[in-house]
Amino acid sequence: MGKTKRGKKNAGSVLMSGNRIIMLVCIFTVLIFSIIIAKLIGSGNKETASGDLIIPKSEIPGIVGFYPYKAGRINMEIIAVRASDGTIRTAFNTCQVCFDSGRGYYRQQGDSLVCQNCGNRFYADEVELVRGGCNPVPITDEYKTEDEEYIVISGEFIEAYRELFRNWKR
């Protein structure tokens, strides 16, 4: 009799641990899918199959929006600014002078952008208009297309600037 009870108890334990494993796998799978979906929905920008970056104009917050782009193993970022005249201006979020330091990127402070390497501060309205010096690298009209809803920046164009982000530490 003792052997039978033990046999049944062991079979029940095996069945119970099998059910726990299945339940844990299901929970883990749901968690992973939730994270993936949240990332896809949470990032307002989208990439096309050709690697173009699509920025929905309706999702550009307040003054400055930051839009990530991955070029191989290199993380890049585009700035989209809603200027005071109503236009939307774009640039790479890296400083034309400080990019090689790894900290030559910008953060918004009020209506200004501040270089995190040298501290240079300038008005967000100047994005894409000012060239040279400690300013974000402009993405001008010839490198993007725009309609009422979206700004599309060529993936080929973006990838050509990947070296500016090689040391990026954001």
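The values are calculated or read from the model by the stated rules, or taken from the named source; none is laboratory data. Small disclaimer: the values here were computed from a predicted structure and weren't measured. Cβ sites come from the backbone with ideal geometry, for glycine too, and all protein chains shown count toward neighbours.
Within the range 77-96, the residues that satisfy the criterion of being modelled with pLDDT under 90 and within 16 Å of Gly132 (Cβ to Cβ) are Cys95, Gln96. Residues that are in contact (Cβ under 8 Å) with a residue 40 or more places away in the chain, within 15 Å of Tyr161 (Cβ to Cβ) and buried (at least 21 other Cβ atoms within 10 Å of the Cβ) within the range 61-87 comprise Tyr69, Met76, Ile78, Ile79, listed in sequence order.
The numbered conditions (1) among the small types (Gly, Ala, Ser); (2) farther than 27 Å from Tyr150 by Cβ; (3) touching a Pro at 6+ places or on another chain (Cβ under 9 Å) are all true for Ala91 except (2). Quick check on my filter: what residues within the range 96-114 are crowded, with 23+ Cβ neighbours inside 10 Å and in a loop (DSSP other than H, G, I, E, B)? Result: Gly104, Tyr105. As a summary of the residue check, Ile74 satisfies the conditions (1) touching a Lys or Arg at 6+ places or on another chain (Cβ under 7 Å); (2) closer than 17 Å to Asn135 by Cα; (3) among the β-branched types (Val, Ile, Thr) except for the one numbered (2). What residue, of Asn93, Asn117, Asn167, is assigned to a strand (DSSP E or B), surrounded by 14 or more Cβ atoms within 10 Å (Cβ to Cβ) and either in contact (Cβ under 8 Å) with a residue 12 or more places away in the chain or acidic (Asp, Glu) (or both)? Among Asn93, Asn117, Asn167, only Asn93 is assigned to a strand (DSSP E or B), surrounded by 14 or more Cβ atoms within 10 Å (Cβ to Cβ) and either in contact (Cβ under 8 Å) with a residue 12 or more places away in the chain or acidic (Asp, Glu) (or both). Here Glu126 fits the description: crowded, with 16+ Cβ neighbours inside 10 Å and free of Cβ contacts under 8 Å to residues at least 12 places away in the same chain.
Number of residues in the range 111-166 that are among the β-branched types (Val, Ile, Thr) and farther than 22 Å from Val97 by Cβ: the value is 4.
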